[in-house]
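Reviewing the structure listed below.
The values are calculated or read from the model by the stated rules, or taken from the named source; none is laboratory data. All figures in this text were calculated on a predicted structure; none of them were measured in a lab. In this analysis, Cβ positions are derived from the backbone assuming ideal geometry, glycine residues included, and neighbour counts consider all displayed protein chains. The area values use the complete protein model at the heavy-atom level, side chains included, leaving out ligands, DNA and RNA. Shrake-Rupley method; radii C 1.70, N 1.55, O 1.52, S 1.80 Å.
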Amino acid sequence: MKIGLVMEGGAMRGLFTAGVIDVLMENQITFDGAIGVSAGAAFGCNFKSRQIGRVIRYNTKYCRDPRYGSFRSLLKTGDIYSKEFAYGELPNVLDPFDTKAFSENPMEFYVVATNIETGLPVYHKCETGTGEDMDWIQASASMPLVSRPVEIGGKLLLDGGMSDSVPLAYFQSIGYQKNVVILTRPEDYRKKKNKLMPVIRVRMHQYPNMIETLAYRHIMYNDEIAYIRKQKELGNTFIIEPREALHIGPVEHDPKELLRVYETGRKTAMEQLPALQAFLRNKEK
């Protein structure tokens with residue numbers, strides 16, 4: 001039986017996920033495969049490279065650097081998170097991403113992006129954590145309106161959360177029968193219509209399929225969450241989620257706020273650790 005880890009996105013809500021996966025690594029919890037969306041990909045890849053503490057370290061250190069999440073970067077480069085810095089200098093020089101450990105770890109790692117010409121999700125298995133893999137991670141985490149589309153293999157890609165926010169069903173479809181799902185919203189959250197749709201329709205008018213996907217994203221998201229909770233009832237899915245809203249925006253320049261969300265993830269994971277370990281030991285479902 002293949003056991004998987006599914007990580008929702010959510011920009012800086014992803015620090016909650018970072019706290020959770022650090023606790024999992026500290027307790028030697030492993031999976032046959034993992035899949036991340038948006039911040040779940042950008043931060044979750046550190047689970048495969050086994051780099052405990054890296055996500056909170058570089059986020060708190062560089063959150064005030066204008067190259068890493070600022071409107072100055074957006075105006076200068078077209079990306080609120082500069083490609084050259086966030087996906088170049090930072091992982092290659094300033095706080096190296098361990099591509100050797102990533103490639104040698106037998107755990108499969110997938111990311112989700114959205115093809116903005118079709119409006120459909122596309123999935124990629126990352127093998128090395130370098131080159132095109134990093135492009136896919138960038139694409140998965142590139143939010144519409146504040147990011148340029150990432151071109152890979154002739155496809156124009158943006159945020160995977162637009163089309164498959166929590167890809168449990170996809171992971172099940174490729175053989176992961178038992179899964180742990182990390183959500184970054186509390187249980188009572190229900191997504192509403194996007195208030196920015198009028199702006200999106202104007203700014204992204206050349207991509208009508210993507211506009212339609214975004215227009216119905218709240219329905220897709222709520223349906224996916226309902227499906228995940230049904231899978232939990234069936235006994236094949238374990239959910240880790242915050243008890244309350246995390247109250248953090250897509251860009252955050254206060255290290256204390258980043259640390260607060262990260263520590264919330266750690267605390268939640270520690271509280272649920274015995275139940276999680278019991279779930280993983282039970283091979284019957």
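Some values worked out for this structure:
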{"read-out": "All-pairs Cα distance distribution in segment 14-77, expressed in whole percent, bin size 10 Å", "value": "20, 47, 24, 9, 1"}
{"read-out": "Estimated FRET transfer efficiency (residue 263, residue 118; beta-carbon r; R0 35 Å; 0.05)", "value": "0.30"}
{"read-out": "Counted charge near residue 175, where neighbours are those whose Cβ lies closer than 14 Å (Asp, Glu -1; Lys, Arg +1)", "value": "+1"}
{"read-out": "Separation between Cα centres of segment 172-207 and segment 251-285, rounded to whole Å", "value": "21"}
{"read-out": "Sum of side-chain charges, residue 85 neighbourhood, beta-carbon under 14 Å (Lys, Arg +1; Asp, Glu -1)", "value": "+1"}
{"read-out": "Accessible surface of segment 45-100, 1.4 Å probe, proportion on carbon and sulfur as whole %", "value": "56"}
{"read-out": "Long-range amide H partners of residue 10 with built H, under 5 Å", "value": "39, 40"}
{"read-out": "Gaussian network model of the chain, Cα within-10 Å springs - most flexible of 263, 241, 84", "value": "84"}
{"read-out": "Computed Kirkwood radius, in angstrom, where 1/r is averaged over Cα pairs of segment 124-278", "value": "17.8"}
{"read-out": "Local electrostatic count at residue 96 - Lys and Arg +1, Asp and Glu -1, tallied over other residues with Cβ under 11 Å", "value": "-1"}
{"read-out": "Other-chain or far-sequence residues with amide H under 5 Å of residue 156's (modelled H)", "value": "116, 117"}
{"read-out": "Simple spin-label estimate for residue 254 and residue 32 in nanometres, 7 Å along Cα-Cβ", "value": "4.4"}
{"read-out": "Within segment 255-285: backbone nitrogen closer than 17 Å to the residue 245 label point (7 Å, Cα to C-beta)", "value": "261"}
{"read-out": "Rounded to whole Hz, the Karplus (6.51, -1.76, 1.60) HN-Hα couplings of segment 61-72, x for glycine and proline", "value": "6, 10, 5, 9, 6, x, 7, 10, x, 7, 6, 5"}
{"read-out": "Size of segment 97-205 as Cα extents on the principal axes (Å, biggest first)", "value": "46, 36, 25"}
{"read-out": "³J(HN,Hα), Karplus 6.51/-1.76/1.60, whole Hz, each residue of segment 118-133, x for Gly, Pro", "value": "9, x, 9, x, 10, 10, 9, 8, 7, 9, 10, x, 10, x, 5, 4"}
{"read-out": "For segment 1-74 and segment 209-238, distance of Cα centres in Å", "value": "21"}
{"read-out": "MRE, 222 nm, helices only [DSSP H, n ≥ 4, -39500 (n - 2.57), over the chain, to nearest 500]", "value": "-12000 deg cm²/dmol"}
{"read-out": "Sulfur and carbon atoms: percent of accessible area, segment 130-267 [1.4 Å]", "value": "52"}
{"read-out": "For the chain: accessible area per residue (Å², 1.4 Å)", "value": "45"}
{"read-out": "Built amide H within the under 5 Å cut-off of residue 177, gap 5+", "value": "2"}
{"read-out": "Equivalent ellipsoid semi-axes, the chain, via Cα gyration tensor eigenvalues times 5, rooted, Å", "value": "27, 22, 19"}
{"read-out": "From phi via Karplus (6.51, -1.76, 1.60), per-residue ³J(HN,Hα) for segment 246-262 in Hz, x at Gly/Pro", "value": "7, 6, 9, x, x, 10, 9, 9, 9, x, 5, 5, 4, 5, 4, 5, 4"}
{"read-out": "For q = 0.17, 0.25, 0.26 Å⁻¹, Debye-computed log10 I/I(0) when each Cα of segment 218-285 counts as one equal scatterer", "value": "-0.82, -1.10, -1.12"}
{"read-out": "Across 191/230; 195/256; 100/256; 48/178; 125/155, pairs whose alpha-carbon gap is larger than 25 Å", "value": "195/256; 100/256"}
